[in-house]
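Here the structure is laid out as structure tokens; the discussion comes afterwards.
The values are calculated or read from the model by the stated rules, or taken from the named source; none is laboratory data. On a predicted model such as this, the values are computed, not experimentally measured, just so you know. Note that we place each Cβ from the backbone using ideal geometry, even for glycine, and neighbour counts take in every protein chain shown.
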Amino acid sequence: MSTKPVGIIGELTDVNLTMTIAEKLRDAGFRNWDIHTPYPVHGLDKAMGIKRSILTYFSFVGMVGGLSSALGLQFWTGAVDYKLNIGGKGFFNWQFSLPIDFELTILGTAIFTVLGLFHLCRMPTWFNKYQDDESFKKATDDVFVVTIDADDDRFSATETAALLTNLGVGNVHLVHATAN
């Protein structure tokens with residue numbers, strides 16, 4: 001009984017070779033691939049062709065929402081719903097609302113940033129399709145691991161494996177789905 005392949009996986013030990021392979025795979029037109037590293041590698045996202053995150057837009061929307069809710073609530077309660085003339089002051093003075101404005105701006109930004117991060121990272125995701133592979137497990141220790149998914153448009157089991165092998169990737173093998 002044959003199972004459908006998940007993708008191809010390979011191991012690397014040199015960080016410079018990892019950067020070169022990332023650039024070569026990007027230039028070859030692969031789209032559904034990733035490199036898993038035991039520690040952060042500066043410049044790898046650029047070598048992989050990953051665009052800048054849109055998380056800052058989520059944060060900005062949270063900031064505007066927090067600030068506007070603070071100002072709106074204070075204006076509504078002080079100038080519209082429950083008007084109290086205390087000491088001849090105006091019903092709504094923005095100077096006195098600054099501490100609350102600041103706090104709700106920070107709260108809105110933090111909440112939207114966390115929710116945006118969860119959304120962009122597709123969290124919670126309880127598994128990785130390569131998690132049972134021995135090569136993939138080494139990525140948390142001392143090996144750089146490159147994975148190319150089988151649903152990539154340019155994926156061909158033999159040609160992709162040959163490409164990785166020619167680029168200097170070791171232990172290149174096809175990963176099949178595990179039956180649950």
Restricting attention to segment 153-169, which residues are in contact with a Gly (Cβ under 6 Å, 6 or more places away or on another chain) and not charged (D, E, K, R)?
L164, V169
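Do you know which of the residues in segment 92-137 that are polar (S, T, N, Q) and farther than 19 Å from F60 by Cα is surrounded by the most Cβ atoms within 10 Å (Cβ to Cβ)? Don't jump to the end; show me each part of the working.
We begin by selecting, within segment 92-137, every residue polar (S, T, N, Q); these are 93, 95, 97, 105, 109, 113, 125, 128, 131, 135.
Those left that are additionally farther than 19 Å from F60 by Cα: 93, 95, 97, 125, 128, 131, 135.
Values: N93: 11, Q95: 5, S97: 17, T125: 7, N128: 13, Q131: 10, S135: 20.
Across segment 92-137, the extreme among qualifying residues is S135.
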Can you run down the residue pairs with Cβ atoms below 6 Å, 6 or more apart or on separate chains, where the first is in segment 150-165 and in contact (Cβ under 8 Å) with a residue 40 or more places away in the chain and the partner is among the basic types (K, R) and surrounded by 12 or more Cβ atoms within 10 Å (Cβ to Cβ)?
D152/R31
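Mind listing just one residue for me: the one in segment 136-179 that is assigned to a strand (DSSP E or B) and more than 21 Å from the chain's Cα centre (by Cα) and, of those, modelled with the lowest pLDDT? It would help to see each step written out before you state the result.
From segment 136-179, those assigned to a strand (DSSP E or B) are 144-149, 170-176; that's our starting set.
Cutting the leftovers down to more than 21 Å from the chain's Cα centre (by Cα) gives us 170-176.
Values: G170: 91, N171: 92, V172: 94, H173: 93, L174: 93, V175: 92, H176: 88.
Within segment 136-179, the match that is modelled with the lowest pLDDT is H176.
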